[in-house]
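Peer 1: I'd like to ask you about the structure that follows.
The values are calculated or read from the model by the stated rules, or taken from the named source; none is laboratory data. Everything numeric in this text was worked out from a predicted model, so none of it was measured. Cβ: placed from backbone, ideal geometry, glycine included. Neighbour counts: every protein chain shown. Ligands, DNA and RNA are stripped out before the accessible areas are found, and what is left, the full protein with its side chains, is counted by its heavy atoms. Shrake-Rupley method; radii C 1.70, N 1.55, O 1.52, S 1.80 Å.
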Amino acid sequence: MRCGCGGMYLVWLIATLLGALSFEAAAANGMNSIGTGTAQLGVAGAGTAMALDASATMRNPAAGAWLGNVMTAELGVVVPEGGYRAGSVGENASIGLLNISPGYDRSISGVFPVPSYARNWRLSEQVAVGWSVSASGLNAFSKRGSATLARGIPVFEARCEGGFGGGQPQSPVTDLSSLCGHQAATVGVDLAQVLISGHWALRVTPDLSVGIAPVLAVQRIHIGGVGAFAAFSNFPDQTSDNGFDISYGGGARIGLLWKLGNRVSLGGAYQSRLYQTEFDKYRGSIIGGSLDVAPVINLGLQFRVMENHRLLLDYEQIRYSEIKPLANRVEPQPFTDNCFVPRLLVRSLPNSPSLDGCLGGPSGPGFGWHTVSVYKFGYQGQSGRLIWRAGYSWGGNPIEKDQVLPTVFAPAITDKHATVGFSWQLTPRLNLGFALIRSVKNRVRAQNTYSNATPVILGGALIRLDVGADDGDQFITNQLSAWQSQFSISLALPQ
């Protein structure tokens, strides 16, 4: 079997994805794209029960049994726009653990290419095999601003460059206890993951197919600008600005596609948790050191309302709550009581004790993501060689509204997507596709409760610092929107 004209594209694809991956997953629900391939993206990802080209196997491996000997090469172009605005603290806010300097910082911008590739071979009337490669990720870096740590606490107060204080002190006398990170001031995360899978699909009956696909996952990460939090991590030297680190892992994807007569098709797919090796350079920021890929459930319905018109409905559940580094919330009071204050008091000691509530600890801060349910609706029509599509999806923002500090890393992840698209059958073997996706602007406004701490004194002794929400807290507003265009070439190849 020959790969035909896909060979040169494949070489370029792998070199791009694994060699210089740095992009923002814009049309996404958290880390997961709303759809796989131009056809699904045109209907806002509502394609679990649809098998039009090889890219359908990247979500539902059972789709391969309904396809011929085909390949699909795709290129997405993402243009995101996002950032955060920090307000001022209240006039009576005398003590603060972390104050981000007021102002706006655009942390996501630019043009990002996102290629993918899928191949299907029809071995017989019942059996098909193939493979695919796709990518997703987060890339957000804030380059301006400064931060004040332990504001109003004598000796410990530090004014540092960078939104999270990871840079140098703003002057020699503003960091007497060396709380500033003394590393990079730019704060953010560059996380990319590439999924490579091989599928096997079987037509069990003339109307029902099943499929399975082992999945290999490769991740690359860089965390920057949080050097000031090394003092509050169980692994201080493995917290921030250690260059890129790579992890590997895998799992499996299964699916079925069932045609109920000429009008209705049902599809279902499940991707298991993809277990990953540890990021040795960043176990001080990531709980347990590894960042597994969350399990995903997809259910789809395709209804043919007329001969050339289809309605598609999909439900997707992404189980971020099962991945501890993503799911653990940033709980201000427990972190203050169980890590920040104890570590602050032992700053002069050579070896700080390991604490479960600190960064990298089992109860330490994560991203505060929860499991999401995504609802997708799409329409597809056809006239001659032209297919046109439209769709809308909603419900995919995993960030809790009170988890304001993690949104500096991933500003206000979009949860509403409007899409249009079309395909043109240029020749009997060659199909060209296009989709345009608008990730509707999403804003999240919440209090930074670390910015104002109230001393609780009993019997003349300081009992605790209360960091509950109050009128003295600064507000942080995050926002993100994006345009994405997707281009595809699908080619039917000789058997």
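Peer 1: Just to confirm the number: angle between the C-alpha axis of helix 6-19 and the first principal axis of the chain, 0 to 90 degrees, nearest 10?
Peer 2: The angle comes out at about 10 degrees.
Peer 1: Right, here's the next one. At 1.4 Å probe size, with every protein chain present, just tell me what the per residue accessible area of the range 233-379 comes to in Å².
Peer 2: 45 Å²
Peer 1: So what does T427 come to for accessible area, using a 1.4 Å probe and Å² rounded to 10?
Peer 2: The accessible area of T427 comes to roughly 60 Å².
Peer 1: About the Cα centre of the chain, how large is the charge dipole given +1 on each Lys and Arg Cβ and -1 on each Asp and Glu Cβ? Please answer in debye to the nearest 20.
Peer 2: Computed about the Cα centre, the dipole is about 1600 debye.
Peer 1: Here is a further query. Can you give me the % of accessible surface on the chain that is carbon or sulfur? Probe 1.4 Å, all protein chains present, nothing else counted.
Peer 2: 61 percent
Peer 1: Something else about it: Could you compute how much accessible surface S354 exposes when probed at 1.4 Å, giving the result in Å² to the nearest 10?
Peer 2: Surface accessible to solvent at S354 totals approximately 90 Å².
Peer 1: Sorted by accessible area (1.4 Å probe), largest first, how do D473, D466 line up?
Peer 2: Per-residue accessible area, sorted high to low, gives D466, D473.
Peer 1: Additional query: Please list 332-340, 60-68 highest first by mean number of surrounding beta-carbon atoms within 10 Å per residue.
Peer 2: 60-68, 332-340
Peer 1: Taking a probe of 1.4 angstrom, what is the accessible area of S363 in Å², to the nearest 10?
Peer 2: Near enough 80 Å² of accessible area.
Peer 1: Something else: Give the calculated FRET efficiency between S177 and K441 to the nearest 0.05, with a Förster radius of 35 Å applied to their Cβ-Cβ distance.
Peer 2: The calculated FRET efficiency here is 0.30.
Peer 1: Next question. From largest accessible area down, sort D190, D237; use a 1.4 Å probe on the protein chains.
Peer 2: Per-residue accessible area, sorted high to low, gives D237, D190.
Peer 1: Modelling each spin label as a point 7 Å along the Cα-to-Cβ direction, I'd like the Q126/R304 distance in nm, to one decimal.
Peer 2: My value for the distance between the label points is 2.4 nm.
Peer 1: For Y320, Y392, write out the residues from largest to smallest accessible area, computed with a 1.4 angstrom probe and no ligands counted.
Peer 2: The residues order as Y392, Y320, largest area first.
Peer 1: In Å², what does the accessible area per residue of the range 418-495 work out to with a 1.4 Å probe?
Peer 2: Averaged over the residues of the range 418-495, the accessible area is 50 Å².
Peer 1: Can you grab the distance from the C-alpha centre of the range 332-401 to the C-alpha centre of the range 54-97, Å, no decimals?
Peer 2: Value for the Cα centre distance between the two parts: 13 Å.
Peer 1: Taking the Cα centre of the range 294-429 as the origin and placing charges on Cβ (Lys, Arg +1; Asp, Glu -1), which of V408, V372, V305 is farthest toward the positive end of the dipole?
Peer 2: Value: V305.
Peer 1: Additional query: Test of understanding: what is the full-extension gain from V77 to D470, defined as 0.36 nm times their sequence separation minus their Cα-Cα distance?
Peer 2: Contour length minus the Cα-Cα distance gives 137.2 nm.
Peer 1: Then there is this: Would you mind computing, in nm to one decimal, how far apart the modelled labels at N351 and L208 are, each placed 7 Å from Cα along Cα→Cβ?
Peer 2: Result for the modelled spin labels: 6.2 nm.
Peer 1: 222 nm [θ] for the chain, helices only, -39500 (n - 2.57) per DSSP H run of 4+, per residue, to 500?
Peer 2: -1500 deg cm²/dmol
Peer 1: Just to verify a number: FRET efficiency for V155 and V456, C-beta to C-beta distance, R0 = 22 Å, to 0.05?
Peer 2: The formula returns an efficiency of 0.60 here.
Peer 1: L430 to Q333: extension gain in nm, 0.36 nm per residue of separation minus the Cα-Cα distance?
Peer 2: Extra length from L430 to Q333 when fully extended: 28.9 nm.
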